[in-house]
1. Only one residue in B:Gly36, B:Gly92, B:Gly28 is small (Gly, Ala, Ser) and open to solvent by 20 Å² or more (accessible area, probe 1.4 Å), so which one is that?
2. Filter region C:66-83 for residues that are of a type in the set (D, E, K, R) and part of a loop (DSSP other than H, G, I, E, B); which is farthest from C:Thr96 (Cα to Cα)?
3. Which of the residues belonging to region C:74-100 are at the interface with another protein chain (Cβ under 10 Å from one of its Cβ atoms) and within 13 Å of the chain's Cα centre (by Cα)?
4. Residue check: is A:Glu144 among the acidic types (Asp, Glu), open to solvent by 10 Å² or more (accessible area, probe 1.4 Å), in contact (Cβ under 8 Å) with a residue 12 or more places away in the chain and within 14 Å of chain B (Cβ to nearest Cβ)?
5. Does B:His162 satisfy the condition of being touching a strand residue (DSSP E or B) at 6+ places or on another chain (Cβ under 6 Å), open to solvent by 10 Å² or more (accessible area, probe 1.4 Å) and closer than 27 Å to C:His97 by Cβ?
6. Might you check whether a residue that is assigned to a loop (DSSP other than H, G, I, E, B), exposed (fewer than 15 other Cβ atoms within 10 Å of the Cβ) and more than 10 Å from chain A (Cβ to nearest Cβ) occurs anywhere in region D:206-216?
7. Can you name the number of the only condition in (1) touching a Gly at 6+ places or on another chain (Cβ under 7 Å); (2) open to solvent by 30 Å² or more (accessible area, probe 1.4 Å); (3) under 21 Å from B:Pro173 (Cβ atoms); (4) of a type outside the set (Asp, Glu) that B:Ile81 fails?
8. Tally up the residues in region D:170-184 that are surrounded by fewer than 24 Cβ atoms within 10 Å (Cβ to Cβ) and either of a type in the set (Lys, Arg) or in contact with an Asp or Glu (Cβ under 8 Å, 6 or more places away or on another chain) (or both), please.
There are 4 protein chains.
Amino acid sequence: MEMKTLREEAFEANMEISRRNLAIYTWGNVSAFDAGAGIFAIKPSGVPYDELKPDNMVLVDLDGKIVEGNLKPSSDTKTHIVLYREFAGIGGITHTHSAYAVAWAQARRSVPVFGTTHADHGAGEIPCTDIMSEEAARNNYEQETGYLITETFRQKRIDPLHICMALVAGHGPFTWGKSAALSVYHGAVLEEVCKMAFLTLSLDPAAQPLPQYIIDKHWERKHSPNAYYGQAPKN
Amino acid sequence: MEMKTLREEAFEANMEISRRNLAIYTWGNVSAFDAGAGIFAIKPSGVPYDELKPDNMVLVDLDGKIVEGNLKPSSDTKTHIVLYREFAGIGGITHTHSAYAVAWAQARRSVPVFGTTHADHGAGEIPCTDIMSEEAARNNYEQETGYLITETFRQKRIDPLHICMALVAGHGPFTWGKSAALSVYHGAVLEEVCKMAFLTLSLDPAAQPLPQYIIDKHWERKHSPNAYYGQAPKN
Amino acid sequence: MEMKTLREEAFEANMEISRRNLAIYTWGNVSAFDAGAGIFAIKPSGVPYDELKPDNMVLVDLDGKIVEGNLKPSSDTKTHIVLYREFAGIGGITHTHSAYAVAWAQARRSVPVFGTTHADHGAGEIPCTDIMSEEAARNNYEQETGYLITETFRQKRIDPLHICMALVAGHGPFTWGKSAALSVYHGAVLEEVCKMAFLTLSLDPAAQPLPQYIIDKHWERKHSPNAYYGQAPKN
Amino acid sequence: MEMKTLREEAFEANMEISRRNLAIYTWGNVSAFDAGAGIFAIKPSGVPYDELKPDNMVLVDLDGKIVEGNLKPSSDTKTHIVLYREFAGIGGITHTHSAYAVAWAQARRSVPVFGTTHADHGAGEIPCTDIMSEEAARNNYEQETGYLITETFRQKRIDPLHICMALVAGHGPFTWGKSAALSVYHGAVLEEVCKMAFLTLSLDPAAQPLPQYIIDKHWERKHSPNAYYGQAPKN
């Protein structure tokens, strides 16, 4: 993939954060990853969306070295690096401050599968990490944020290509996917699923998750080899 | 009715889902039914709204055979077929993932008639089905979704031409009407009624339904032979 | 006032319902009253907002006789007549189905004065009527809706020129003012105040109303002879 | 700074209230302060946003004298004066009636730091004042509103350049910053933070604040001498 395309892909996905109302002002960032080159394009830090241009995107490698770009990359760059290193097969990462996802992260709760809207996009709960330890926070905060996510997936034995969403406790959502566009799509899905789960618990604090056989059915019809949803298989 | 018109009717009603914010992305589908021909036009599966065109709509008969169209029809097509077969007199069906209706479905609660906004559009609670059994889910999921709805109406003795809305437990809303346009209108009404009922229960968890004599009055002034609401009788 | 102007005033105020998101579709109506002529212009029943024109507005007198217009007036016309007859000095009435106001009406609760946003527009709670009796509902429903409001104001000794808003239990909000424009302004204020009061009670179910001396202060600075808010006195 | 620029700065920030949906109609006001001249430009009282022009902004000095302008300044002008007098270093003040911030003010609760969205903009709770005493309310209401804020910051030993937001009990939010633009930015941040905190408490009434070491980390990365967020240091 050309670096020009990578920057454009990252740019487009960053603008989508604003269009989908997943963050106000500059609160959010998306990166697009070229696995072959080991380089990703990421939003510069603190630049308003209406001043963003494809040329603003900063190219960074997996050691955190700036390959190209005059601006500082997002302050969350090290979190992106950890996820690209640990989650083989992903091509984009999105971080937003969408309100319902943040609320679940602040309440430090994983999101149960209450319905098929959720199951269509992941066959299990959306995990919330533990709160970061003082040592980790003082050590290398953004890198440790990445490790919080990857450790949670490892411990809970969740496949990051099946559930492409995580809540960092006390912080907010990170989502990913095969492309930058899909990562921001998952950011929008997560916000909608978090809103629905919030309303469900408000109606019934003892609401029951969907039975596993319906979760499986919805996941299979969209994502298994026998998927029959959509015009062509996609993640 | 010509098939061209049927496709246009289905197309217009599908676009209305997006305009009324009843689903994000492609989460939803509407079909328009020609009862004389036994054929309905339905949204293709997984096509974004901004790529939809009237020509994209797929024509399907009541055996599920594709009569015309190059794309796969909505994955919920079999649910539509069951409703057209069982609910005589309807001409359109809408399925959305609107947030408040989904929340009631996920909480597996029927929506009581708390006020006249509800009563204007149905003289009784909006029923929520039971959760689907494992056998049914494994057997023929989308067809069984239709049967869940029709069985609920049969058991509760609800006339589907009086209450044109149902919640499928753990899934979300299906609505219908004499036309595709009215089915999506009922989808928007249901979302608004579910929001109002949610807020009502938040204010007072023991909120009382409207007395039956007011429910009857509102239904009669809009839908009975002596209706005096609107310029001409309509459903 | 000329009848042409009255129709235009009513038309403009009706369009404002839609622009302010106080109702979806045709759920709502505004009338503009010429007290000298004893005639008001009101929205026709069940006509979509995008088909409304000033010429569509129906002119009705206080006996309910249609003075001019080819369409049927709003089904709530008799409620408007009662309010114009009983509340001397008002020049416009608005009825909406805005969600938070409806929720308070469905929970059958008057809205306490929790803050200055409320106090700026009324120095006391916004009253909710009792639920209508079966006899009244069967007798003359829309007229009785008006009486429910006027009786509530009489019993609670509320001056309808000081508090221009009421909730009809199980139904929704009616608001009024010196003009049609001010009546719809009060409809928008009521929705915002109901939303704020809802959120307040969610945060603290035992939330205390504002002390009377602050309520009085805010009312006085906007509405008393010594008002100093705004560029010129208005209601 | 030229007075023309000051008026334009105030005008732009006032329009931002409306664009960011922080108040309906004219409910809100922003001023821009020229500390050297001891003069601020403030929105005129009760003028609709669509009639506002830079020339409408009223120039007022710290004694409350109108330096230039044909319209009456905002009724909250005396509150602005107290804050400019007491909070050295601020260049703009914003008052809105945004719904979630008002709800916390009406519930008379300070907003705990539940997450990093909050910590990014202030390393401690957003304080809510006490309710104003009867004597103060009768004496000089708007001035006393300012004193409520400054006294709260003094008693709680909060640095107004670190936490640029306050809730006035039973009233609503006041925010400030180094410029008028930053003050309205803080108004938008406060509303978002209040919404997130509201949702968090709804999910878990016993939700725990963020540990202090994460609060400190987020504050430091954006605002300390070693800040690394954004392209250049700003408040």
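The values are calculated or read from the model by the stated rules, or taken from the named source; none is laboratory data. Since the structure is predicted, the reported quantities are computational estimates derived from the model, not experimental observations. Neighbour counts run over all protein chains shown; Cβ positions are idealised from the backbone, glycine included. Just the protein is used for accessible areas: all its heavy atoms, side chains included, with ligands, DNA and RNA removed. Shrake-Rupley method; radii C 1.70, N 1.55, O 1.52, S 1.80 Å.
1. B:Gly36
2. Per the stated criteria, the residue is C:Lys72.
3. Matches in region C:74-100: C:Asp76, C:His97, C:Ser98.
4. No.
5. It is false that B:His162 is touching a strand residue (DSSP E or B) at 6+ places or on another chain (Cβ under 6 Å), open to solvent by 10 Å² or more (accessible area, probe 1.4 Å) and closer than 27 Å to C:His97 by Cβ.
6. Checked against the condition, which is being assigned to a loop (DSSP other than H, G, I, E, B), exposed (fewer than 15 other Cβ atoms within 10 Å of the Cβ) and more than 10 Å from chain A (Cβ to nearest Cβ), region D:206-216 yields no hits at all.
7. (2)
8. Of the residues in that region, 3 qualify.
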